[in-house]
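Q: The following block contains the structure, expressed as structure tokens.
Rule-based calculations on the coordinates, nothing more; no lab input. Given the structure is predicted, the values throughout are model-derived calculations rather than measurements. So basically every Cβ, Gly included, is an ideal-geometry build from the backbone, and we count neighbours across all protein chains shown.
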Amino acid sequence: MRKIAVLIPCYNEAGTIGAVVREFKVQLPDADIYVFDNNSTDATVEEAKKAGAIVRYERRQGKGNVVRSMFRQVDADVYVMVDGDGTYPAEKVKELIQPVVEDEADMVIGSRLHSGSESHFKLPNRLGNRLFLVLLNAIFGVRITDLLSGYRAFNRRVVKGLPLLSHGFEIETELTVKCLERRHRIVEVPINLSPRPEGSKSKIKIV
């Protein structure tokens with residue numbers, strides 16, 4: 001039996017985090033589900049605990065800081081990282097982790113832009129993702145379709161071996177680039193991104 005951990009970085013997601021935790025518990029009943037709270041000012045922590053998550057804290061603001069803490073603190077064989085906003089499908093998690101479990105991949109990306117996906121994706125986000133992908137695929141000679149997905153699976157080698165430095169939302173880009181640099185095996189699984197529930201707001205700020 002492989003030990004599986006679901007890692008959920010969270011900031012002010014009280015409206016969705018309870019459902020996210022419960023949905024992943026249904027799909028992976030033997031997994032440990034961690035919510036790492038990043039200074040939420042709403043009831044995120046209370047809702048996560050109520051749903052049965054293990055709650056931990058990262059006081060340094062920024063998703064990259066949270067991911068680095070999650071990777072450092074949690075021990076498992078297979079890791080799932082997913083946002084707490086309810087836009088990623090829990091029902092795809094077994095398909096997401098399968099290449100890692102079967103030792104066919106070191107990192108699996110849940111691709112929102114794969115040809116097999118039907119995602120609700122805002123045009124500016126789609127264009128920004130595509131711009132970076134053109135450069136990345138040209139440099140490394142690969143065909144990755146989603147650089148910025150927050151829904152991923154990893155083996156222990158990646159989680160404990162990558163020297164991550166990011167503080168904010170650039171963490172997904174860094175994860176992908178450093179896996180490519182180290183010739184880790186990357187597989188993509190098509191997923192459908194759902195629209196954010198009413199009242200849920202993106203934490204990404206365009207300056």
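Q: Go through region 15-82 and name the trypsin sites (Lys or Arg not before Pro) that are in a DSSP coil and have 14 or fewer other Cβ atoms within 10 Å of their Cβ.
A: Arg59, Arg60
Q: In addition: Where nothing but the Cβ of Lys and Arg (+1) and of Asp and Glu (-1) is charged, how large is the charge dipole of the chain around its Cα centre, in debye to the nearest 20?
A: Value, rounded to 20: 500 debye.
Q: In terms of modelled amide H atoms, which long-range or inter-chain residues lie less than 5 Å from the amide H of Ala43?
A: Ala14
Q: Which one, Thr145, Pro99, Gly15, projects farthest toward the positive side of the charge dipole computed for the chain from Cβ point charges (K/R +1, D/E -1)?
A: So the residue furthest toward the plus end is Thr145.
Q: Could you calculate the contour length gain from Ala43 to Val177, that is, 0.36 nm times the residue separation minus the distance between their Cα atoms, to one decimal place in nm?
A: In short, 44.8 nm is gained.
Q: Top mean-square fluctuation among Val142, Val187, Val67, Gaussian network model of the chain, C-alpha springs under 10 Å?
A: Checking each option, the largest mean-square fluctuation is seen for Val142.
Q: What spacing in nm lies between the two simple spin-label points modelled at Asp30 and Glu91, each 7 Å away from Cα in the Cβ direction?
A: It works out to 2.4 nm between the two label points.
Q: Now, a different point. Just in region 31-107: which GluC sites (Glu not before Pro) are loop by DSSP and have at most 14 other Cβ atoms within 10 Å?
A: Loop-located and lightly packed - Glu102, Glu104.
Q: Right, something else. With 5 Å bins from zero, work out the P(r) of region 134-183 over every alpha carbon pair and list the percent per bin.
A: Pair shares across the bins are 4, 18, 32, 26, 17, 3.
Q: Turning to a different aspect of this structure: Give me the number: length gained by fully extending Glu170 to Val101, i.e. 0.36 nm times residue separation minus the C-alpha to C-alpha distance, one decimal in nm.
A: So the extension gain works out to 22.2 nm.
Q: Do the sum for the chain: with -39,500 (n - 2.57) for every DSSP H run of n ≥ 4, divided by all residues, what is the mean residue ellipticity at 222 nm, to the nearest 500 deg cm²/dmol?
A: Result for the chain, helices only: -10500 deg cm²/dmol.
Q: Same structure, new question: What share of the DSSP beta bridges in the chain is antiparallel, in percent to the nearest 5?
A: 25 percent
Q: Distance between the C-alpha centers of region 1-64 and region 142-183? Whole Å please.
A: 20 Å
Q: Grab the chain and count how many Lys pairs have their alpha-carbon atoms under 16 Å apart, sequence gap of 8 or more, or different chains.
A: 14
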